[in-house]
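Here's the structure we're looking at; comments come further down.
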Amino acid sequence: MAKVPRYEKAFLILSAIMLVVFLAALGYAAFGMGLHLPTRAGQIRPEDVSRTPPFDHPGVREVEPGRWEAVIVARAWGFTPPEIRVPVGQPVTFKITSVDIVHGFYVDGTRINLMLLPGQISQLEYTFRRPGEHLLICHEYCGAGHHAMVGRVIAE
Ligand code: CUA
């Protein structure tokens with residue numbers, strides 16, 4: 001058997017250890033912390049968004065005891081509704097779409113970070129652990145009013 005130089009062996013072992021560490025981190029994030037990627041929950045023609053449920057009535061509602069839904073519509077340059085109130089300690093499913101162009105949806109201090117494509121329903125579940133006010137911002141450049149495209153999420 002060919003002799004493997006010592007430093008090469010060391011790098012092989014180091015790579016193997018790193019692989020295991022990265023896999024463990026991924027597993028911990030997915031199963032331990034419950035981090036999941038936002039899902040694409042459906043597609044509506046952008047011009048039909050405002051008359052398609054649930055986007056015809058944006059806002060926060062309790063869909064079953066202890067489970068909430070926050071429906072939000074993005075357009076240049078604002079969110080409808082611009083301010084939402086969500087309960088602390090109960091799962092909230094965000095369902096958001098855009099009626100015109102690409103926008104972003106980032107709730108400061110949380111891992112809620114979505115890209116909003118016209119007519120595509122972006123969905124993410126999140127549970128607020130503490131009461132507080134969070135700034136909501138559009139983080140995809142969307143034109144002249146981009147910097148003013150903000151809102152508020154109040155957990156109470
Ligand atoms: Cu909407 Cu930037």
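The values are calculated or read from the model by the stated rules, or taken from the named source; none is laboratory data. Since this is a predicted model, take the numbers as computed values, not measurements. Here the Cβ is made from the backbone with ideal geometry for all residues, glycine too, and neighbour counts use every protein chain on show. Heavy atoms of the whole protein, side chains included, go into the accessibility calculation; ligands, DNA and RNA do not. Shrake-Rupley method; radii C 1.70, N 1.55, O 1.52, S 1.80 Å.
The table for this structure:
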{"read-out": "Residues of the range 62-84 satisfying the condition of being open to solvent by 40 Å² or more (accessible area, probe 1.4 Å), in contact with a strand residue (DSSP E or B) (Cβ under 6 Å, 6 or more places away or on another chain) and part of a strand (DSSP E or B)", "value": "E62, V63, W68, T80, E83"}
{"read-out": "Among (1) under 13 Å from Q120 (Cα atoms); (2) more than 16 Å from the ligand (Cβ to nearest atom); (3) touching a Pro at 6+ places or on another chain (Cβ under 7 Å), the one test that V99 misses", "value": "(2)"}
{"read-out": "Hits in the range 65-86 (condition: away from the ligand (no atom under 16 Å from the Cβ) and aromatic (F, W, Y))", "value": "W68"}
{"read-out": "Qualifying residue in the range 120-138 (condition: buried (at least 18 other Cβ atoms within 10 Å of the Cβ), acidic (D, E) and in contact with a strand residue (DSSP E or B) (Cβ under 8 Å, 6 or more places away or on another chain))", "value": "no"}
{"read-out": "Residue match in the range 90-107 (condition: surrounded by fewer than 18 Cβ atoms within 10 Å (Cβ to Cβ), among the polar types (S, T, N, Q), touching a residue at least 24 places away in the same chain (Cβ under 8 Å) and in contact with a Gly (Cβ under 7 Å, 6 or more places away or on another chain))", "value": "yes"}
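Matching residues to (1) modelled with pLDDT of 95 or more; (2) within 12 Å of the ligand (Cβ to nearest atom); (3) of a type in the set (A, V, I, L, M, F, W, C):
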| site | (1), (2), (3) |
| --- | --- |
| V88 | yes, no, yes |
| G109 | no, no, no |
| I112 | no, no, yes |
| E125 | no, no, no |
| L135 | yes, no, yes |
| C138 | yes, yes, yes |
